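No value in this document is a laboratory result; all are computed from the given coordinates. Since the structure is predicted, the reported quantities are computational estimates derived from the model, not experimental observations. Note that we place each Cβ from the backbone using ideal geometry, even for glycine, and neighbour counts take in every protein chain shown.
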Amino acid sequence: MLVNLREVYLPAMIFSIILDFQLAIYFLYLYYKHRKDQIGLNKFLLAFSNLFGIGATSYLFLVIGSFYLNEGYLTELFIRIGVALLQGGILAVLLNMLSKPFHTLINLRVVKIISVFSGVSIIYLLFFYVKPIGLMPSILIGFIGGAYFLYFQTKLVKLTSGTVHSRLFITLIGENIFLIGMFFGSVLPNMPISLDLSAIFYLIGSYVVNIGLMVIFYGTFKFPGVLEFNWKNNLLKLYVIDSRNLFELYSYDFNKIKNLAGEPESQFHNEVKNSINSIGVVGISDVFDEITKTYQNRVKTIKYGKFNILLEYEEDPYSQFLFVLFVDKNMKSLQLFLKKVKNQFLISYKSLLANYDMVDRFRGTIFSNFDLVLQKILD
């Protein structure tokens with residue numbers, strides 16, 4: 001029956017390999033795309049790339065060993081290499097989890113122990129394989145490592161929000177389906193069961209794996225960079241200022257969102273609510289600009305008491321528009337957020353900003369709808 005069903009499930013396996021490689025390349029592209037932002041959590045994208053890339057190579061060896069080699073030793077060797085590569089993909093993910101940005105989410109000792117067992121399992125499969133023991137210990141260790149990675153992702157999903165949260169959640173569902181398929185396609189056929197049942201498990205597993213991969217592919221479509229945890233909790237207040245004419249074009253108080261969510265008011269709201277305004281920020285910026293004596297080296301951050309002020313300028317060094325963000329703690333994610341705000345504001349009001357009389361007369365109302373744009377950026 002195994003030979004008779006070959007034409008049915010072999011295409012599914014080939015499709016899985018192609019889709020795995022596509023996902024690996026896509027995540028690697030996303031990692032390098034966001035690498036310049038220097039956000040440590042983007043290593044999560046690299047972990048995914050390693051998992052799918054090495055996993056696809058593993059599957060390729062398993063397919064060749066199972067269907068294209070008739071010689072007993074070579075068949076066994078290719079299957080061993082395939083399982084070892086799959087173990088290597090999980091090990092690569094575990095080593096990525098040991099990166100500093102993930103330390104608050106994992107038990108370092110547990111991850112190190114699983115990593116050591118994974119490494120030993122790879123050495124066993126490649127150099128000290130014992131037929132009576134077989135593949136089961138290695139497969140079991142692989143599933144333990146995979147299960148811990150899923151546990152890690154569950155914690156990651158809980159700490160994220162917006163687009164990143166929904167994409168990670170869909171991807172997590174796809175990975176669970178994928179693991180179920182791997183169980184049917186890898187574990188059950190290697191148990192002491194009849195050849196006919198093995199073929200059926202191979203068939204079910206190959207197609208369930210594909211369903212999981214397609215769900216993962218859907219979840220990762222247009223996947224954003226993974227930013228730092230809880231970066232939104234550090235947002236205090238945003239200003240857009242005409243620094244040449246010294247008036248405020250737009251402002252937004254993020255404490256309104258926190259108050260609606262029942263969160264305690266920030267240090268900014270309680271202590272410095274009335275101690276500094278947008279014009280004061282312009283003055284501080286001018287002082288620093290005077291010190292640097294150049295617009296090419298304009299100040300980007302100012303430490304003010306217990307909070308920070310992030311400044312973002314237009315590319316034109318003589319531009320009059322200044323974007324100011326008050327934050328509890330300076331984070332790379334907040335700097336990227338302010339850049340997005342700047343770009344979106346200039347795109348949304350490009351024609352209006354060129355008409356100074358219109359802006360001066362209606363500045364209290366014409367920019368109020370930017371609240372909706374800001375919410376989309378936050379999501």
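Is the stretch 9-155 best put as rounded, prolate or oblate by its Cα gyration tensor, with a ≥ b ≥ c the root eigenvalues, rounded for a/c under 1.5, and otherwise prolate when a/b is larger than b/c, oblate when not? Note, shape of the stretch 9-155 comes out oblate.
Between Q344 and S166, what length in nm is gained on full extension when 0.36 nm per residue of separation is reduced by their alpha carbon distance? Mind dumping the intermediate values first?
On the way: separation 178, 0.36 × 178 = 64.08 nm, distance 2.30 nm.
Taking Q344 through S166 to full extension adds about 61.8 nm, to one decimal.
Amide H contacts of T301: L311, each under 5 Å away and 5 or more positions distant or on a separate chain (H built 1.01 Å from N in the peptide plane; Pro and chain starts excluded).
A protection proxy built from the mean count of other Cβ atoms within 10 Å ranks the segments 54-61, 365-372, most packed first, as 54-61, 365-372.
Could you sort out which of K155/K300; K306/K342; K306/K340; K112/K306; K232/K300 sit more than 27 Å apart by Cα distance in this structure? Walk me through the intermediate numbers first.
Working: K155/K300 33 Å; K306/K342 25 Å; K306/K340 25 Å; K112/K306 38 Å; K232/K300 19 Å.
Pairs exceeding 27 Å: K155/K300; K112/K306.
What does the charge count around V215 come to, taking other residues whose C-beta lies under 15 Å from its C-beta (Lys +1, Arg +1, Asp -1, Glu -1)? It works out to a net charge of -1.
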